[in-house]
Amino acid sequence: PWAYQYLALLAAVGLARRGDPRSAAAALDTCRLILAATYFWSGIQKLNTSFVAEVYPWVMEPALVHLPADTAAWAATQGWAAGGVECGLGLALLVRWLRPLAVLGVAGMHATLLY
């Protein structure tokens, strides 16, 4: 699936007319839509019992050991929220005034996953 995403991004940028600001803006808007749709769909895919019961606790385990016990116990039960937050971040990327917060949220999500 990532190959299709990269191909679509490359096509959007590659088909833009050189030197035309409106074409460049349209290409960036297309790339923004592709990225937002990817995050939204990824969040939708996480809204299932398998992710909540198995994947989310496994992925979050390294980060949760550094939290106080009560906070870690609460955070371990937030698997459903993870998918909803990712969907929200995808939609927020499409709203101009929410975009800076969405970028910070996406960066924080990826930093947590990399940890």
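Out of all the residues in region 24-42, is one or more modelled with pLDDT of 90 or more and more than 22 Å from L7 (Cβ to Cβ)?
Scanning region 24-42 turns up no residue that is modelled with pLDDT of 90 or more and more than 22 Å from L7 (Cβ to Cβ).
Out of all the residues in region 83-95, is one or more out of contact with any strand residue (DSSP E or B) (no Cβ under 6 Å at 6 or more places or on another chain), within 18 Å of I34 (Cα to Cα) and without any contact (Cβ under 8 Å) to a residue 12 or more places away in the chain?
Yes, region 83-95 has at least one match.
Of the conditions (1) open to solvent by less than 40 Å² (accessible area, probe 1.4 Å); (2) at pLDDT 95 or above; (3) not β-branched (V, I, T), A75 satisfies every one except a single condition; which number is it?
A75 satisfies every listed condition except (2).
With respect to V85, is the statement that it is closer than 24 Å to L101 by Cα and open to solvent by 80 Å² or more (accessible area, probe 1.4 Å) true? Can you show your working first?
Numbers: closer than 24 Å to L101 by Cα: yes; open to solvent by 80 Å² or more (accessible area, probe 1.4 Å): yes.
When the stated conditions are applied, V85 passes them.
Return the residues of region 63-82 that are without any contact (Cβ under 8 Å) to a residue 40 or more places away in the chain and hydrophobic (A, V, I, L, M, F, W, C); say none if nothing qualifies.
Looking only at region 63-82, we keep the residues that are without any contact (Cβ under 8 Å) to a residue 40 or more places away in the chain, and these are 64-82.
If the condition is that a residue be without any contact (Cβ under 8 Å) to a residue 40 or more places away in the chain and hydrophobic (A, V, I, L, M, F, W, C), then L64, V65, L67, A69, A72, A73, W74, A75, A76, W80, A81, A82 are the ones that fit.
Only residues in region 34-51 that are within 13 Å of Q78 (Cα to Cα) count as the first member; pair them with residues that are acidic (D, E) and part of a helix (DSSP H, G or I), Cβ under 7 angstrom, at least 6 apart or cross-chain, and list the lot.
Qualifying pairs under 7 Å: K46/E86.
When region 40-72 is examined, which residues are found to be of a type in the set (S, T, N, Q) and open to solvent by 50 Å² or more (accessible area, probe 1.4 Å)?
As a first pass, look at region 40-72 and keep what is of a type in the set (S, T, N, Q): 42, 45, 48-50, 71.
Q45, N48, T49, S50, T71, listed by residue number.
Could you tell me whether any residue of region 7-29 is open to solvent by less than 30 Å² (accessible area, probe 1.4 Å), closer than 18 Å to H110 by Cα and either among the hydrophobic types (A, V, I, L, M, F, W, C) or out of contact with any helix residue (DSSP H, G or I) (no Cβ under 7 Å at 6 or more places or on another chain) (or both)?
For region 7-29, residues open to solvent by less than 30 Å² (accessible area, probe 1.4 Å), closer than 18 Å to H110 by Cα and either among the hydrophobic types (A, V, I, L, M, F, W, C) or out of contact with any helix residue (DSSP H, G or I) (no Cβ under 7 Å at 6 or more places or on another chain) (or both): absent.
The values are calculated or read from the model by the stated rules, or taken from the named source; none is laboratory data. None of the values given here were measured: they were computed from a predicted structure. No Cβ is skipped: glycine too gets one built from the backbone with ideal geometry, and neighbour counts run over all protein chains shown. Ligands, DNA and RNA are stripped out before the accessible areas are found, and what is left, the full protein with its side chains, is counted by its heavy atoms. Shrake-Rupley method; radii C 1.70, N 1.55, O 1.52, S 1.80 Å.
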